[in-house]
1. State yes or no: is Ala49 in contact (Cβ under 8 Å) with a residue 60 or more places away in the chain and surrounded by 16 or more Cβ atoms within 10 Å (Cβ to Cβ)?
2. Can you tell me which residue in the range 1-36 is least open to solvent (accessible area, probe 1.4 Å), limited to those that are in contact with a Lys or Arg (Cβ under 7 Å, 6 or more places away or on another chain) and part of a loop (DSSP other than H, G, I, E, B)?
3. Please count how many residues of the range 73-110 are within 15 Å of the chain's Cα centre (by Cα), within 18 Å of Thr33 (Cβ to Cβ) and not β-branched (Val, Ile, Thr).
4. Just the residues that are assigned to a strand (DSSP E or B), surrounded by 16 or more Cβ atoms within 10 Å (Cβ to Cβ) and not hydroxyl-bearing (Ser, Thr, Tyr), please, taken from the range 52-67.
5. Kindly indicate the residue of the range 68-115 that is without any contact (Cβ under 8 Å) to a residue 24 or more places away in the chain and touching a strand residue (DSSP E or B) at 6+ places or on another chain (Cβ under 6 Å) and also surrounded by the fewest Cβ atoms within 10 Å (Cβ to Cβ) among those meeting that condition.
Amino acid sequence: QVQLVESGGGLVQPGGSLRLSCAASGITFSLYTMGWYRQAPGKQRELVAGITPGDNTNYADSVKGRFTISRDNAKKRVDLQLNGLKPEDTGDYYCNARWNIRNYWGQGTQATVSS
């Protein structure tokens with residue numbers, strides 16, 4: 001059974017930081033492109049950051065220079081470091097694993113940026 005379990009969300013003030021983690025099980029993690037998506041209230045889910053099996057990364061323009069995605073294949077984990085948080089970063093953050101036709105989602109973790 002495939003599971004992606006996110007953790008690390010919470011309430012933080014503008015300018016603060018969070019570190020989100022996604023623990024994967026039931027997949028050959030090293031084969032998968034991993035991604036973090038965000039869904040803000042009333043908006044569509046969007047890609048925030050992705051990392052390929054070869055450690056190539058890509059970011060949404062809105063988070064470049066502030067967020068960093070990383071993966072640990074041995075631990076089957078992908079992290080997202082969020083720095084310089086802004087109120088518009090508020091939303092539910094979802095972990096995604098994609099390989100060939102396989103596409104899996106976690107349940108999400110909420111991040112709220114507010115003073």
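The values are calculated or read from the model by the stated rules, or taken from the named source; none is laboratory data. As the structure is a computational prediction, the values presented were derived from the model and not from experiment. We place every Cβ from the backbone using ideal geometry, glycine too, and count neighbours over all the protein chains shown. Note: areas computed on protein heavy atoms with side chains; ligands, DNA, RNA excluded. Shrake-Rupley method; radii C 1.70, N 1.55, O 1.52, S 1.80 Å.
1. Values: in contact (Cβ under 8 Å) with a residue 60 or more places away in the chain: no; surrounded by 16 or more Cβ atoms within 10 Å (Cβ to Cβ): yes.
Against the criterion (in contact (Cβ under 8 Å) with a residue 60 or more places away in the chain and surrounded by 16 or more Cβ atoms within 10 Å (Cβ to Cβ)), Ala49 does not qualify.
2. Tyr32
3. Going through the range 73-110 one residue at a time, the tally reaches 14.
4. Phe67
5. Top of the filtered list is Ser70.
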